[in-house]
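First comes the structure, then the notes that go with it.
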Amino acid sequence: MTRRGHGPRALAAMVAKITNPVFKKRGLAGGAIVNDWPVIAGPYLAARSAPEKIVYPAGESSDGTLHLKTDSGGLATELQHLEPVLLERVNTYFGYRAVARLKLFQGPLKVGDRKPPPLRSLHPAEEKDLLRHLLVVDDPNLRQALETLGRAVRARRGGGTDE
């Protein structure tokens, strides 16, 4: 899509203009908490739960209630026990005490929204560096687990090696 005299525009910018008012209405700070939920909650909880909205007291922008949807009654119980940890993670993400409470709802989640992107293949130098670091591990099961973890971390991080 182009505008006369301005060249092509990024689709993400146009989508943000449409979705930001909806996210703001629901107290979701431009959708950042929705997009970053896997980072905030971790992959296990993010796959089975989703933030719906944040409701703040009248005239306030802190101490809100995060409405969280989960697909399982058992997980809802677990989330109740994890509430202090989740609140800390959400507030750390925002950088202030944005949320003081969780309100849990049970229902179906959108399928496919929570799949992580596929991992890229490691460059030969990254592969060599990873295997070099694992030479000191004697236990074959531990070495295999560390190799799997190392591949995933390096593939998500991007190119280059890390000591």
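Quick rundown of the values:
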quantity: Candidate set: the range 55-94, residues that are in contact with a Ser or Thr (Cβ under 7 Å, 6 or more places away or on another chain) and part of a strand (DSSP E or B); chosen: the one surrounded by the fewest Cβ atoms within 10 Å (Cβ to Cβ); calculated: Val55
quantity: Count of the range 79-97 residues which are in contact (Cβ under 8 Å) with a residue 60 or more places away in the chain and over 16 Å from Ser49 (Cβ atoms); calculated: 1
quantity: Condition met for Leu135 (surrounded by 15 or more Cβ atoms within 10 Å (Cβ to Cβ) and more than 17 Å from the chain's Cα centre (by Cα)); calculated: no
quantity: When residues of the range 25-43 are limited to those that are at pLDDT below 85 and in a helix (DSSP H, G or I), the one farthest from Leu87 (Cα to Cα); calculated: Lys25
quantity: Subset tally (residues that are part of a helix (DSSP H, G or I) and either touching a residue at least 12 places away in the same chain (Cβ under 8 Å) or of a type in the set (A, V, I, L, M, F, W, C) (or both)) for the range 44-54; calculated: 4
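So that you can scan it fast, the table gives a plain yes or no per residue for (1) of a type in the set (Asp, Glu); (2) modelled with pLDDT under 95:
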residue	(1), (2)
Glu88	yes, no
Ala98	no, yes
Ala125	no, yes
Leu135	no, yes
Arg143	no, yes
Arg154	no, yes
Glu163	yes, yes
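The values are calculated or read from the model by the stated rules, or taken from the named source; none is laboratory data. What you see is a predicted model; the values in this text were computed from it and never measured. Positions of Cβ are generated from backbone atoms using ideal geometry, with glycine treated the same way; all protein chains shown enter the neighbour counts.
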